[in-house]
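The numbers here are math on the coordinates, done by the rules we state, and not lab data. Every value quoted in this text rests on a predicted model; they were computed, and no experiment measured them.
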Amino acid sequence: MKRWAAFKRWISIDRRKQPGQEVNQGSSDSQLSDSSDVLQATEAERSPCVKMYIPYESAELCITQVAEDMEAMKRRHLDMVQELEENFQITARENREWTVQKVRSHFQNKLNTLRRILDLYQETVEKKNTEWEKRVVALTSQKEQLLEEQRAERRRSEEEALQWHREKSKMLELFSTRLDALHSHQASTLQELQMARQEVGKVQELLMASSQEQQEVTEEGASPEDKVQQQTVDCSESDLPLKGAKACLEDLKESLFQREREITELLEAERTSVPPLPQPPCSVLLPTLIHKAHAICCAGSESRALLDQMIEENRLALVEARDKLDGLQMTQEDSNDRQDKTTDLKRSSEYESSLSLHQDRVREYEVSQMALDCIRTGESPETNDCDAVSELEDILGQGTIRTAEGVKSVGQQLVLMQDQLKQMKEEHKKIIENYSSERTMRMKYYNMVEDMKGKIRVLCRIRPPSRIEAAQGEALIVDKVDEFSVKVETARGPREFQFDKVFCAETSQEDFFHDTNRLIQSAIDGYNVCIFAYGQTGSGKTFTMVGDKEQKNPGILPRSFHAMFEIIRENSTRFDYKVSAYMLELYNDRLQDLFVSLAGEAHALPQSHGQARRVEIKRNRKGVVFAQGAETKEASSAQELYALFQQACANRHISATKMNVESSRSHLIVGIMVESRNLTNGSVSTGKLSLVDLAGSERAAKTGAKDHQLKEANSINKSLSALGDVISALSAELPHVPYRNSKLTQVMQDSLGGNAKTLMIVNISPSECNVDETLTSLIYATRVKAITNNAQRNVESKEIAQMKEVIMKLRSGQTVEEEDV
Ligand SMILES: Nc1ncnc2c1ncn2[C@@H]1O[C@H](COP(=O)(O)OP(=O)(O)OP(=O)(O)O)[C@@H](O)[C@H]1O
């Protein structure tokens, strides 16, 4: 309606007026739509300044037309709007598609890069796989070869042992028959010697009697011619029994010579005919050999006792003879004082003969004493004694000295026997040496095979008796039998246990560490290594692991730190190393970070009420245990690492018990991680060295634990009992192993039946008062020996290490450049 009114006004306008005036006049005209403006302009062009009157019909027509035009314009307008909308939509769609395309191509590029990396990675993995497969095959064949060699070695040693046994029994048989023969010869020779002595005594008496008779005849006062004649006759008469005695002596002499020759031949044969002993020793023969050696020893000492007896008898006889001689001399002196010499000539001559008889007897005993002493000491007679021998020879004639030589030959036999005994002892020693070296070798090979199988190595260390034990005079019932065996004397008799190595009380810390050193290299090579000490309270675990308080005798921990950084220094041109550590204690079944002091933490976090930050035991995909929530500190030298350890020790729970003045009341767990990057091929290995000093199992009655110490002891015993359950399950190869029963077993999960190279040290006391605990520890350790681990090296190729880095960056929202991958 408004428009219509405007139109009517427009119709009534004077067209002759200037167009500018018209515009000014009709300000309301501006309200007209765009179409009316267009119409107005057309009309103005057509009829300038002319006032026109249009008939109604025309106007109506005109209006209709104008309305139609307007309608058309409106339609066109709408079309244009629609077209514009469509165009806009198309453009928007195109725009969207273009963006999508662009994003897609961007991601496609990324995907392609990742695919390329994956291909590369797969290729490398395949290559590595084939390489490893080849290595595994080579190792398996090597292992089989070694086993075959070991079997052959065992067969050979068994055969050799058998042969050796046969040879030895043959030789011993021979030897014992010869020894028997020697004994019987010796006995008969001694008997004959005795007989010869008696004969000599008789001859001596005969000689004395004849000389007495001669003297009496001379004194009776015959003429000198008669005397000579009488003497010749008497001599020929008195020579008769002497000749008989001399013949008898000759016979005896001959038989003694014969015996001596036989014995010498026998000894010669003994020396020459004994076949050389085959070298390879065997344990089976040792008892027989020892038995035989003992028999020889006994025979030797029997002979010696016999000789001693002879010497004693001779000495007594000598003393008696000397006494008699002294008595005789004293009686004579007395009678000389009292009587006139001329009145009793007869008595004087009697006295003279009796004196010379006793003197000769004394001389004889003295010579025998000298001979027997020579036999005992194996020395030759001294010059003075030799004079005595020749004197005796003058009195008794040649036969007697032969008898003395006969005595000497018995001595020679004894000396020879002693030589033989010495030889046998040397042989025995050599055999024992060979046996122990062979046993050592066998044990070494056995250990190597066990190592290859992944068995846990167990070392046993006996501590010296403590001052209290020494003061109480405790009996020592533990003994190291050899390098691999330990023997415990129990009420039911001795029990022997075998380990990878046994160390006695005198073993120094350095020597002990020598055996654990190679594991440090393994940790640096990327293996998961665990060394733990087990034993009753006060058995020397802390001494072994840490050392003494003053660090005059440092233990495994400080020595490992030095050894580790020494290896790192040696390889620093080829590898780049990073060492970090965490230190925990398991106290009252709660894990505590020793890098965080309880007092400090309580001060910083009052709401924690003196409780340390929560530390959890977790395992990574490879099964390696790690402590979540525990602080890990880096160290670049052994000194730094040791300083960290000392810092941790300051926060440990230690207190005095009846059994140990510095008893550890918690389990100490030190984890040292070593990351090494190969500078040549970029591979990265991550090894972990876990050093665990367990708290000792204890009996409350013995340790005198009360109140909170009793609680500590209960907690320690509970965790150790859980450890025992795990060990039992693993050694019996049960399908379920109760690792989750205690925090301690969780911490040690990768070390017992896991992927670690594990070394157990069982510490024991040598004293009788601890026999039950010692037996328990040794049985425990024997079970651990049966557990098999599967140690694997944690190493990643350069590509995998890079990929891990990329993933880490992507996870943390950092941008990853193309060259990063
Ligand atoms: N091989 C050894 N040589 C010398 N002394 C030793 C040896 N082993 C242990 N000792 C001494 O015995 C005592 C107890 O040893 P240690 O503290 O190491 O026992 P433990 O097993 O750690 O005890 P706990 O379980 O109670 O902590 C210490 O005084 C230590 O010096």
A correct Karplus calculation of ³J(HN,Hα) over segment 585-597, with 6.51 cos²θ - 1.76 cosθ + 1.60, θ = phi - 60°, whole Hz and x for Gly and Pro, returns 10, 9, 10, 6, 6, 10, 7, 10, 7, 7, 6, 10, 7
Using alpha carbon centers only, segment 487-529 is separated from segment 122-171 by a whole-angstrom value of 26
With a 26 Å threshold on alpha-carbon distance, the violating pairs from Lys429/Lys541; Lys480/Lys785; Lys743/Lys804; Lys110/Lys804 are Lys429/Lys541; Lys743/Lys804
